[in-house]
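One structure is given below, encoded as structure tokens.
Values quoted throughout were computed directly from the atomic coordinates according to the rules given, and no laboratory measurement underlies them. What you see is a predicted model, and the numbers here were worked out from it, not measured in a lab. Every residue, glycine as well, gets a Cβ built from its backbone with ideal geometry; the counts of neighbours run over all protein chains shown.
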Amino acid sequence: MLVLAIESSCDETAAAVVRDGRTVLSSIVASQVAIHAEYGGVVPEIASRRHLESVAPVVIEALKTAGVTLDEIKGIAVTQGPGLVGALLVGIAAARGIAAACSIPVTGVNHIEAHLLAPFLEQEIAFPYLALVVSGGHTHLYKVDGIGHYTILGQTLDDAAGEAFDKVAKLVGLPYPGGALIDRLAAEGDPVAVKLPRPLLHDGSCNFSFSGLKTAVLNWTQKNPEGKSGQLLNDLCASFQAAVCEVLTVKTWSALEKTGITRLVIAGGVACNSGLRREMSRLAATRGIDLYIPSPALCADNAAMVAVPGEFYLSRRIATINGFDALPSWPLDRIKARFAEAT
Ligand code: ATP
Ligand code: MG
Ligand code: FE
């Protein structure tokens with residue numbers, strides 16, 4: 001089944017054409033990062049307006065790159081939540097408009113579900129697996145028993161990992177979003193140079209906390225104002241990244257041990273982080289875990305990943321949307337209810 005997928009939950013307008021929820025024929029992403037960088041973060045109203053301008057050209061580009069016409073598309077998958085309501089509505093309205101014009105169905109997809117199924121665009125994975133979603137808004141550990149069957153094992157109690165990267169970047173004067181920049185500077189720094197806490201490391205839960213770590217960085221920069229540039233900044237970035245990666249790795253290992261699951265997916269924008277990829281690869285190699293981390297372009301926000309659950313739901317006629325309801329907050333464990341509604 002040829003699916004057109006649309007994503008507009010935050011600051012990327014994206015469209016993709018995917019065959020059978022597995023083969024990416026095109027994946028176009030128009031990022032608004034440069035616009036929001038001026039404000040130090042995403043401005044929801046500006047994001048909605050930009051989506052409105054970009055959505056049609058991005059969809060046309062996706063069809064053109066895939067070499068298909070709209071009459072070959074059999075269904076549309078669109079991100080329905082979680083995300084910014086105004087941003088989501090633009091994607092949903094576009095999807096509904098195209099679907100109405102072509103008389104094809106539309107399904108609403110959960111953005112986090114799309115992140116944790118993204119690896120299927122590169123290889124098959126047997127269920128169950130454990131998924132660590134680390135992104136701008138989420139740091140969650142899920143047990144994945146199948147498409148649509150997710151159990152939350154743990155989550156952040158305050159900031160998400162990506163949010164912590166971006167806030168730390170901001171407080172040392174790096175532009176938004178700072179995650180990738182910290183990653184780059186960390187490569188030149190000493191990860192044990194600055195002593196930073198590892199919040200909740202040994203509390204026995206699968207939860208995370210990053211706001212204390214961010215405050216520790218703030219306190220350090222106030223005592224060491226020269227640490228906002230040069231080698232000291234590299235050291236600070238390396239030390240901060242090491243703290244985040246250690247907590248993520250130790251907690252993930254403890255969840256694997258508790259559940260006895262031996263397959264692990266790392267997904268979301270922070271899964272691009274080179275330190276995290278390295279630490280998780282080491283963990284997998286020493287503990288006999290099968291590790292799946294999508295290529296960086298599939299970790300960051302994109303529409304191709306939306307087609308994975310999208311095609312699954314469309315082909316089973318589950319979760320077809322007829323209204324324009326965006327779901328700005330939509331916990332993954334509520335998705336099971338859709339199967340009940342469909343039967
Ligand atoms: P969510 O998926 O929770 O709705 P989002 O869609 O805004 O949030 P993503 O686009 O998945 O989040 O990820 C963006 C986040 O990933 C940003 O916080 C960004 O700084 C971070 N990020 C991207 N690359 C890296 C990297 N190499 N190292 C660390 N963080 C990174
Ligand atoms: Mg983004
Ligand atoms: Fe995302």
ASN224/GLU45 FRET efficiency (R0 41 Å; Cβ-Cβ; nearest 0.05): 0.65
Fewest-first ranking of THR151, THR252, THR69, using other Cβ atoms within 10 Å as the exposure measure: THR69, THR151, THR252
Of the GluC sites (Glu not before Pro) in segment 88-175, those whose Cβ has at most 15 other Cβ within 10 Å and which sit in DSSP loop: GLU122, GLU124
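Can you give me the relative contact order of segment 220-343 as a percent, contacts being Cα pairs under 8 Å and 6 or more apart? Provide the component values of the computation, followed by the final result.
Working: 74 pairs, mean separation 22.4, N = 124.
Rounded, it is 18 percent for segment 220-343.
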Proximal lysines relative to LYS170, as straight alpha-carbon distance under 25 Å, when same-chain residues fewer than 8 apart are discounted: LYS195, LYS214, LYS223, LYS228
Extended-chain gain in nm, criterion 0.36 nm per residue less alpha-carbon gap, SER315 and PHE339: 7.3 nm
Listed residues GLY97, ALA161, PHE127: farthest to the positive end of the dipole of segment 46-175 (Cβ charges): GLY97
Relative contact order %, the chain, counting alpha carbon pairs below 8 Å whose residues are six or more apart: 25
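So how strong a dipole does the chain carry about its Cα centre when Lys and Arg Cβ are +1 and Asp and Glu Cβ are -1, to the nearest 20 debye?
Working: 28 positive and 33 negative charges, 91 e Å.
With only Lys, Arg, Asp and Glu charged at Cβ, the dipole is about 440 debye.
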Of all DSSP beta bridges in segment 126-293, antiparallel share, percent nearest 5: 60
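What size of dipole, in debye to the nearest 20, comes out for segment 196-343 about its Cα centre when the only charges are +1 on Lys and Arg C-beta atoms and -1 on Asp and Glu C-beta atoms?
Numbers: 16 positive and 12 negative charges, 38 e Å.
Computed charge dipole of segment 196-343: roughly 180 debye.
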Rounded FRET efficiency, nearest 0.05, which uses the C-beta distance separating ALA101 from GLU122 and R0 of 22 Å: 0.10
Cα centroid separation, segment 294-314 to segment 12-65 (Å): 13
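Taking the Cα centre of segment 126-293 as origin, work out the dipole magnitude from +1 charges on Lys and Arg Cβ and -1 charges on Asp and Glu Cβ, in debye rounded to 20.
With only Lys, Arg, Asp and Glu charged at Cβ, the dipole is about 100 debye.
Computed FRET efficiency, Cβ-Cβ of ARG287 and VAL33, R0 51 Å: what is it to the nearest 0.05?
On the way: r = 36 Å, r/R0 = 0.71.
Efficiency at R0 = 51 Å is approximately 0.90.
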Candidates THR23, THR107, THR79, ranked by Gaussian network fluctuation over the chain, Cα under 10 Å, top entry: THR23
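Where does each of 137-150, 273-286 land if you order them by average Cβ count within 10 Å, highest first? Spell out each step's value before the answer.
Working: 137-150: 21.0, 273-286: 17.4.
Listed from highest to lowest mean packing, they are 137-150, 273-286.
Sort the following peptides by mean Cβ neighbour count (other Cβ atoms within 10 Å, averaged over residues), highest first: 3-11, 32-40, 259-267. Can you show the working numbers first?
On the way: 3-11: 29.9, 32-40: 13.8, 259-267: 19.7.
Highest-to-lowest ranking by the protection proxy: 3-11, 259-267, 32-40.
Taking every pair of alpha-carbon atoms in the chain, give the share separated by more than 38 Å as a whole percent. Don't jump to the answer; show the numbers that get you there.
Values: 9098 of 58653 pairs.
Here the long-distance tail beyond 38 Å is 16 percent of all Cα pairs in the chain.
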Radius of gyration, Dmax [segment 36-155; alpha carbons; angstrom]: 16.6, 43
Between segment 66-129 and segment 176-210, the alpha-carbon center distance in angstrom: 33
Reduced Cα scattering model of segment 190-343, Debye log10 I(q)/I(0), q = 0.11 Å⁻¹: -0.63
Beta bridges by DSSP in the chain, antiparallel share as percent, to the nearest 5: 60
Relative contact order of segment 126-293, defined on C-alpha pairs under 8 angstrom at six or more residues apart (%): 27
Linear extension gain, LEU157 paired with HIS202, 0.36 nm per residue minus alpha-carbon span: 14.7 nm
